[in-house]
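> Have a look at this one.
Just so you know, all these numbers are worked out from the coordinates, no wet-lab data involved. All of these numbers come straight from a predicted model, not from anything done at the bench. FYI the Cβ positions are ideal-geometry reconstructions off the backbone, even for glycines, and counts take in every protein chain you see.
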Amino acid sequence: MRSNYWPKLSKAEINERVFSALDGNVDFYNEDIIGIPGSHLDPKVFYNDAPFLADAPFLSALIKNPNHIGCHTLGKSEHFFEGTHAIERELIDLCAKQILNGEGDFDGYVASGGTEANMQACWIYRNYFRTEFNVTTDQITILCSEDNHYSVFKASNILGIDIAMVKVDYHNRSLDTESVSATIAQCKLAGKTHFIVVANMMTTMFGSVDQVEVYTKALESQGCEYKLHIDGAYGGFFYPFTSANHQLDFSNPKVNSVTLDAHKMVQAPYGTGIFLVRKGFMHHANTKEASYVEGEDYTLIGSRSGANAIAIWMILMTYGRFGWEEKIMLLENRALWFCQELEQMNIGYFRNPNSNIVTMRAAHIKPKVAHQFGLVPDNHKHPKWFKVVVMDHVTKDHLLRLLTALSH
Ligand SMILES: Cc1ncc(COP(=O)(O)O)c(C=O)c1O
């Protein structure tokens, strides 16, 4: 039996687990809890006595409104919400070990999204380099590809860390090995000694996947200190299920942290990014001044809804490992079918064979068709590419209508 198999739970089992976790939290309705600037949702607007709530664990969690402020995989947390914190801990453990093949224990939390999770990684490594290596911020740089999501530019700007981008091949979107070596050499000349590498497990526009060893080999051969973060905001719940052997999870000792994003492929509500990191790093983002928070705060965000962790956990448990694999396989097959049709029509496209993103050359796409089908361009002002993301709602019928429109 494989070890990364999480079982599917029945609806009754899921309800039981979530409602008993909510029972493990404080009860604002019936207990004397009067010191927290938070409560259940306003009952005049959000009825807490609607009969269907007895069978609606996520909505009940929203209404009871647990605060998951802080990080619950290390030290103490607010005891008021310890029932639902346990679900978040279980979720973090599942993602790190059963999806990302980690061994041992990990830290992590449910962030507002992929942006925050990427920023949390950069924040931790900036502080780690400054504290452990006694370097200044201007000796540190973020290293990523030109296909990277723009969230790293926000991280660079907010954290005051420079950023260096390497080129990718225009056609197959893979890292340009020479550009990686040359960029690192240039950074060294500019006084950079410590690198925060952000590598992609499916880029936003192309679904391309970085070969992390291109980064690690070049950095090691040039004697640089680095920490490797994987941005799996797009691919983290997809690629591990379509690609048996890859270097972008915790089975690779060089991968130190990973971003996942359940509000993309998992169809969870917005506010369900996930940050995962090996033990021993989270404390670099501790804010000791958060003294009124039990256990202080190791996260970027502060207060956040516990309903989000519950939503992700419920979805993953509803499917189980095998159900999730089947869902992903269906999307992968549809994407493959769509590409075969594009080939017959001689329409140029890029697709990583293990991804559900198909990015077509703009030259083949009339603006009217792009608008009609909500195709997303790489650049709204000067589009060179338009992408289709084969999600649950993107059936072959939809794709066929697009193909028909493209043929005219
Ligand atoms: C690869 C990648 N990283 C990060 C993000 C940012 O995620 P969010 O919008 O959840 O902050 C995205 C969003 O599309 C993404 O595709």
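> Whose amide H sits under 5 Å from the amide H of residue 102, counting only residues 5 or more places off or on another chain, with H placed in the peptide plane?
Correct list: 97, 250.
> Under unit Cβ charges (Lys, Arg +1; Asp, Glu -1), what dipole magnitude, rounded to 20 debye, does the chain have relative to its Cα centre?
Computed charge dipole of the chain: roughly 1380 debye.
> Indicate the gyration tensor shape class of segment 79-307 (rounded, prolate or oblate), computed on the Cα atoms with a ≥ b ≥ c the square roots of the eigenvalues: a/c under 1.5 is rounded; otherwise a/b larger than b/c is prolate and the rest oblate.
Because a/c hits 1.5 or more and a/b fails to exceed b/c, segment 79-307 counts as oblate.
> What is the calculated FRET efficiency for residue 29 to residue 288, with r their C-beta to C-beta distance and R₀ = 35 Å, to the nearest 0.05?
Given R0 = 35 Å and the Cβ-Cβ separation, E is 0.55.
> Sort 84, 183, 204 by Cβ crowding within 10 Å, fewest neighbours at the top.
183, 204, 84
> Residues of segment 272-291 with amide nitrogen under 20 Å from the 7 Å Cα-to-Cβ point of residue 130?
In segment 272-291, the label zone of residue 130 (backbone N under 20 Å from the point 7 Å along Cα→Cβ) covers 280-291.
> Here's something else I'd like to know. Which of the three applies to segment 322-407, rounded, prolate or oblate, going by the alpha-carbon gyration tensor with a ≥ b ≥ c and a/c under 1.5 meaning rounded? Present the calculation step by step, with values, prior to reporting the outcome.
Numbers: a/c = 1.83, a/b = 1.69, b/c = 1.08.
It comes out prolate by the Cα gyration axes.
> Would you kindly derive the ³J(HN,Hα) couplings of segment 135-150 from the backbone phi angles with the Karplus curve 6.51 cos²θ - 1.76 cosθ + 1.60 (θ = phi - 60°), listing them in order in whole Hz, with x for Gly and Pro?
In residue order, the calculated couplings are 9, 8, 4, 6, 8, 10, 9, 7, 10, 7, 9, 5, 8, 5, 5, 5 Hz.
> Let me ask something additional. Based on alpha-carbon centroids, what's the gap between segment 13-37 and segment 233-269 in Å, whole number please?
Segment 13-37 and segment 233-269 have Cα centres separated by 32 Å.
> Which lysines, if any, have their Cα less than 24 Å from the Cα of residue 76, not counting same-chain residues under 8 positions apart?
Filter leaves 64, 97, 279, 288.
> I would also like to ask the following. Taking θ as phi - 60°, what are the ³J(HN,Hα) couplings along segment 80-92 by the Karplus curve (6.51, -1.76, 1.60), each to the nearest whole Hz, with x for Gly and Pro?
4, 10, 5, x, 7, 4, 4, 5, 5, 4, 5, 5, 4
> How many percent of DSSP beta bridges within the chain run antiparallel, rounded to 5?
The antiparallel fraction comes to roughly 55 percent.
> Under a 5 Å amide H to amide H cut-off, with H placed in plane at 1.01 Å, what residues pair with residue 109 once short-range neighbours are removed?
Placed amide hydrogens put 275 under 5 Å from residue 109.
> Please list, in order along segment 392-400, the HN-Hα scalar couplings obtained from phi with the Karplus expression 6.51 cos²θ - 1.76 cosθ + 1.60 (θ = phi - 60°), rounded to whole Hz, x for Gly and Pro.
My calculation for segment 392-400 gives 3, 7, 8, 7, 4, 4, 4, 5, 5 Hz in order.
> Could you pull out every residue, at least 5 positions away or on a different chain, whose amide H is within less than 5 Å of the one on residue 378? Hs are placed 1.01 Å off N in the peptide plane, and Pro or chain starts have none.
384, 385
> Going by a ≥ b ≥ c, the root eigenvalues of the Cα gyration tensor, does the chain fall in the rounded group (a/c under 1.5), the prolate group (a/b larger than b/c) or the oblate group?
Oblate shape, in that a/c is at least 1.5 and b/c is the bigger or equal ratio.
> While we're here: For the pairs 11/396; 167/227; 11/327; 366/396; 254/387; 154/264, flag any whose C-alpha to C-alpha distance is greater than 24 Å.
Beyond 24 Å between Cα atoms: 11/396; 254/387.
> Return a whole-number percent for the relative contact order of segment 79-307, with Cα pairs under 8 Å and 6 or more residues apart as the contact set.
26
> As an exercise, use a Förster radius of 45 Å and the Cβ-Cβ distance of residue 59 and residue 190 to find the FRET efficiency, rounded to the nearest 0.05. All intermediate terms of the calculation are to be shown ahead of the outcome.
Values: r = 53 Å, r/R0 = 1.18.
So the FRET efficiency works out to roughly 0.25.
> Quick one: putting +1 on the C-beta of Lys and Arg, -1 on the C-beta of Asp and Glu, what dipole do you get for segment 96-160 around its Cα centre, in Debye to the nearest 20?
In total the dipole reaches around 160 debye.
> From a point 7 Å beyond the Cα of residue 392 in the direction of its Cβ, which residues of segment 298-329 have a backbone N at a distance under 14 Å?
The answer is 311-320, 323-329.
> Using the count of nearby Cβ atoms within 10 Å as a rough guide to exposure, how do 123, 313 rank from fewest to most?
Listed from fewest to most nearby Cβ atoms, that is 123, 313.
> 7 Å from Cα along Cα→Cβ at both residue 220 and residue 382: what's the point-to-point distance in nm?
Calculated label separation equals 3.9 nm.
> Quote the FRET efficiency, to the nearest 0.05, computed for residue 36 versus residue 16 with a Förster distance R0 of 22 Å and r equal to the Cβ-Cβ distance.
0.25
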